[in-house]
Amino acid sequence: MAEWWQEGIFWLLAVVMSLSALRVVTARNVVHAALYLVGTLLGAAAMFVLLFAEFLAWAQVLVYVGAIVVLMLFGLMLTRAPIGKGSFDNDQRWLAALCAAAVFGVTSYVMVRAFEGEEISFDRTTPITTETVGDAIFSTYVLPFEVVSVLLLAALVGAVVIARRDRE
Amino acid sequence: MPVSYFLVLSALLFSIGIYGVLARQNAVLVLLSIELMLNSVNINLVAFAAQLGEAGVGGQVFALFVIAVAAAEVGVGLAIVILIFRNRQTVDMDEMSLMKW
């Protein structure tokens, strides 16, 4: 398949993702910020499909868009965030922008220099399938997998303990 | 397609997340920006997995782990934010000066 096709998709997704990410950090309405995050996350899921990671793309849609963004919206409601009013940025915004620009300059320069000439070929005969990912999780990476499940349990118990209202 | 396209995109998303963490005042919006940063790391991992082919399956596995850790982080983070709101009636980052000296 022609390479230009994947490149076109990449640029489309990259523009959508960066614009909605910018809106996440600049939106004046807190609910709009959370909804723009959905744009970035769905763009990332489409990018994963482009990079042969179908299972990861669906996990991204389910966990990020389905759970995390909904949790964020609940958090905004429970903390009675002032919806649709004023600026939410503090007065160190220009310093923050400078810092972010410096990080972007340094990391992109270093990474472009370090991985110059490395190509992703889209016409490979053996792409990574969901089957290979599953095999790898339950053989090579079984110990980190178990550690992640213990971490999730600890986070669950911790969240309940922290947010519980004490009876007195 | 050069792998550096994906690297620059994820560096851009990461720096936008850094700006959000530093400039936003609402604690929930800071958590949103942290999600942006975690997500940009996933793009890096999956791009390298695609570049390495069969040998790069670890990239996808670790991207899954990052998603799981992000979910745990949001759960605990929002619990802390809600507790702070309950005690102090605000989630403004500039008001949270209890641990400053």
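The values are calculated or read from the model by the stated rules, or taken from the named source; none is laboratory data. Fair warning: this is a prediction, and the values are worked out from it, not measured in the lab. Don't worry about glycine lacking a Cβ; one is built from the backbone with ideal geometry, like all the others, and counts go over all protein chains shown.
Restricting segment B:71-92 to residues that are assigned to a helix (DSSP H, G or I) and more than 7 Å from chain A (Cβ to nearest Cβ), which is surrounded by the fewest Cβ atoms within 10 Å (Cβ to Cβ)?
Our first condition is that a residue be assigned to a helix (DSSP H, G or I); within segment B:71-92, this holds for B:71-88.
Among the residues that remain, those that are also more than 7 Å from chain A (Cβ to nearest Cβ) are: B:73, B:77, B:84, B:86-88.
Values: B:Glu73: 17, B:Gly77: 22, B:Ile84: 18, B:Arg86: 12, B:Asn87: 9, B:Arg88: 12.
Filtering segment B:71-92 for residues that are assigned to a helix (DSSP H, G or I) and more than 7 Å from chain A (Cβ to nearest Cβ), the one surrounded by the fewest Cβ atoms within 10 Å (Cβ to Cβ) comes out as B:Asn87.
In the set A:Val150, A:Val69, which member is surrounded by fewer than 11 Cβ atoms within 10 Å (Cβ to Cβ), over 27 Å from B:Glu54 (Cβ atoms) and modelled with pLDDT of 85 or more? None of the other options fit; the residue is A:Val150. Taking each residue of segment A:144-168 that is not assigned by TED's automatic domain parsing to the domain that holds A:Ile68 and of a type outside the set (Val, Ile, Thr) and looking for partners that are loosely packed, with under 15 Cβ neighbours inside 10 Å and in a helix (DSSP H, G or I) with beta-carbon atoms closer than 8 Å, six or more apart or interchain, yields A:Phe145/A:Phe138; A:Ala163/B:Leu83; A:Arg165/B:Arg86. Remark: pairs (first residue in segment A:43-54, surrounded by 20 or more Cβ atoms within 10 Å (Cβ to Cβ); second residue at pLDDT 90 or above and assigned to a loop (DSSP other than H, G, I, E, B); Cβ separation under 7 Å; 6+ apart in sequence or on different chains) are absent. Checked against (1) out of contact with any Leu (no Cβ under 7 Å at 6 or more places or on another chain); (2) over 23 Å from A:Leu151 (Cα atoms); (3) not aromatic (Phe, Trp, Tyr), B:Ala50 passes all but a single condition, namely (1).
Taking A:Trp58 as the residue in question, decide whether it is in a helix (DSSP H, G or I), modelled with pLDDT of 90 or more, within 14 Å of the chain's Cα centre (by Cα) and not aliphatic (A, V, I, L, M).
Working: in a helix (DSSP H, G or I): yes; modelled with pLDDT of 90 or more: yes; within 14 Å of the chain's Cα centre (by Cα): yes; not aliphatic (A, V, I, L, M): yes.
So A:Trp58 passes the test.
Looking only at segment B:15-22, decide whether some residue is crowded, with 22+ Cβ neighbours inside 10 Å, touching a residue at least 24 places away in the same chain (Cβ under 8 Å) and facing another protein chain (nearest Cβ under 7 Å). Looking through segment B:15-22, none of the residues is crowded, with 22+ Cβ neighbours inside 10 Å, touching a residue at least 24 places away in the same chain (Cβ under 8 Å) and facing another protein chain (nearest Cβ under 7 Å). Restricting attention to segment B:82-98 and to residues that are in contact (Cβ under 8 Å) with a residue 40 or more places away in the chain and among the acidic types (Asp, Glu), the residue that is farthest from A:Val30 (Cα to Cα) turns out to be B:Asp94. Checked against (1) more than 20 Å from B:Val41 (Cα to Cα); (2) not in a helix (DSSP H, G or I), A:Leu35 passes all but a single condition, namely (2). Per the listing B:Ile16, B:Ile34, B:Ile43, the residue uniquely farther than 30 Å from A:Gly117 by Cα and modelled with pLDDT of 90 or more is B:Ile34. Considering only residues in segment A:7-32 that are of a type in the set (Gly, Ala, Ser), more than 7 Å from chain B (Cβ to nearest Cβ) and assigned to a helix (DSSP H, G or I), the one that is farthest from A:Leu73 (Cα to Cα) turns out to be A:Gly8.
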